[in-house]
Amino acid sequence: MRCARSRLAAGEVALATIGFEVQEEGYLAKILVSEGTRDVPLGTPLCIIVEKESDIPAFADYRDAGVAEIKPPVAPLPSPPSPTAAAAAPSPAPQPAAPPSARVPMHKERVVASPLAKKLAAEKGIDLAQVKGTGPEGRITKKDIESFVPSRAAPVQPRAAEPAAPLAPSPPAAAPGLPTGVFTDVPVSNIRKVIAQRLMQSKQTIPHYYLSVDVDMGEILVLRKELNQEMPQNTKLSVNDFIIKASALACLKVPEANSSWMDTVIRQNHVVDVSVAVSTQTGLITPIVFNAHIKGLASINKDVVTLASKAREGKLQPHEFQGGTFTVSNLGMYGIKNFSAIINPPQACILAVGASEKRLVPAENEKGFDVASVMSVTLSCDHRVVDGAVGAQWLAEFKKFLEKPATMLL
């Protein structure tokens, strides 16, 4: 079975060796031109590739007349002459040895690799003698170099372009238990798959826009310090507790931010269930503080501590993290100044909270400056539900509750 598609044609290239990959799948049935053969005419078949592995034996004894003429000559062994023929025939003249250029190279005496593979090996300091080739007749290809993982005991060869230091010590072997190679494939967990699907859905289907504002946290920090002195020793209010409470009250003032897009209707929720983003080893999860708008700071703190602990232990029940009407994501404890969070569908808003930092602000008497603790927050809004002016109103209410915490009692 011979066809043009099953063959590779040789090109006329002067003083160069070019490696290339076959674009179609198949099996190498026969090599027609040995490696190292010179003066191969243009269009000469180099090998035969078949589609089925079962077709390989059919080409075991195949010979191409045109290829046979350019193969390096190999002198056949003469048969011993008979005694009468030896006496009658004159002694044959000695045959000249084949020129060096026509001799078939011995692959066992050297490493066979494509030029690109040699170049990559030199750049990465890989000894080709340690690489197992997967190409024809054990030829080392680019793929072999890229997938090569050196053994722990194998020394790393210096690059060809850089002279090796005469007294440089060999690199230490990898410590037991540490990963080897250039990468590690981590299986995708079910939680990570769900996170990926929901975030992709949110970014692709929800028209996000972002509003940011700075909040003076001076009075909140003073109030927190005073309240913690009245709390039991094993309970300490966090700044995040005040943020959750202020967010819930702001959602009552601006109910559009406490709504959901339901395709045919916009659902405004009458209760505020605040989802709190918690980072775990398996991924991000958002347990819910139910009825945050009517809970006190101590009750919110207790819920958050309990839910965060259960989330990190993987003990959350579905109803404890599925749902919610508004989300708070706080990265201030990691030193992040500001960021934009992705909306948690079907909710309409999520608040991204940054860290507080000391800033110089004009004094109230307009003489000189004061030092204030300022926190930056960014509200991500679904423009289908919350218009820009509505989002700005929500941030104004939120800012008022934190800068004047006594208003949260009204």
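Along region 347-363, what does the Karplus equation 6.51 cos²θ - 1.76 cosθ + 1.60 (θ = phi - 60°) give for ³J(HN,Hα), rounded to whole Hz, x for Gly and Pro?
Values, residue by residue: 5, 9, 9, 9, 9, 9, 10, x, 7, 7, 9, 6, 9, 7, 10, x, 5 Hz.
How long is the gain from residue 231 to residue 392 if the chain were fully straight, where each residue apart is worth 0.36 nm and the alpha carbon distance is subtracted?
54.5 nm is the gain from fully extending residue 231 to residue 392.
Got a number for carbon plus sulfur as a percent of region 346-410's accessible area, 1.4 Å probe?
The nonpolar share, carbon plus sulfur, comes to 57 percent.
When the accessible area of region 262-307 is computed with all protein chains present and a 1.4 Å probe, what percentage of it is carbon and sulfur?
56 percent
Hey, can you find the accessible area per residue of region 205-288 for me, probe 1.4 Å, expressed in square angstrom?
Per-residue accessible area for region 205-288 comes out at 52 Å².
In nm, give the distance between the simple-model label positions of residue 312 and residue 357, each being 7 Å from the Cα along the Cα-to-Cβ direction.
2.7 nm
Work out the FRET efficiency for residue 336 and residue 270 from their Cβ-Cβ distance, taking R0 = 45 Å, and round it to the nearest 0.05.
0.85
Which lysines, on any chain, are close to residue 253 with Cα under 22 Å apart, when same-chain ones fewer than 8 places away are left out?
245, 295, 399, 400, 404
Rolling a 1.4 angstrom probe over the protein heavy atoms, how many square angstrom per residue are accessible across region 347-404?
Dividing the accessible area of region 347-404 by its residue count gives 47 Å².
By how many nm would the segment from residue 130 to residue 183 grow when fully extended, if each residue of separation counts as 0.36 nm and the alpha-carbon distance is taken off?
17.1 nm
The values are calculated or read from the model by the stated rules, or taken from the named source; none is laboratory data. Just so we're clear, the structure is a prediction, and the values are computed from it rather than from any experiment. When we count neighbours, we look across all protein chains shown, and the Cβ atoms used for this are built from the backbone with ideal geometry, even at glycine. Only protein heavy atoms, including side chains, enter the accessible area calculation; ligands, DNA and RNA are left aside. Shrake-Rupley method; radii C 1.70, N 1.55, O 1.52, S 1.80 Å.
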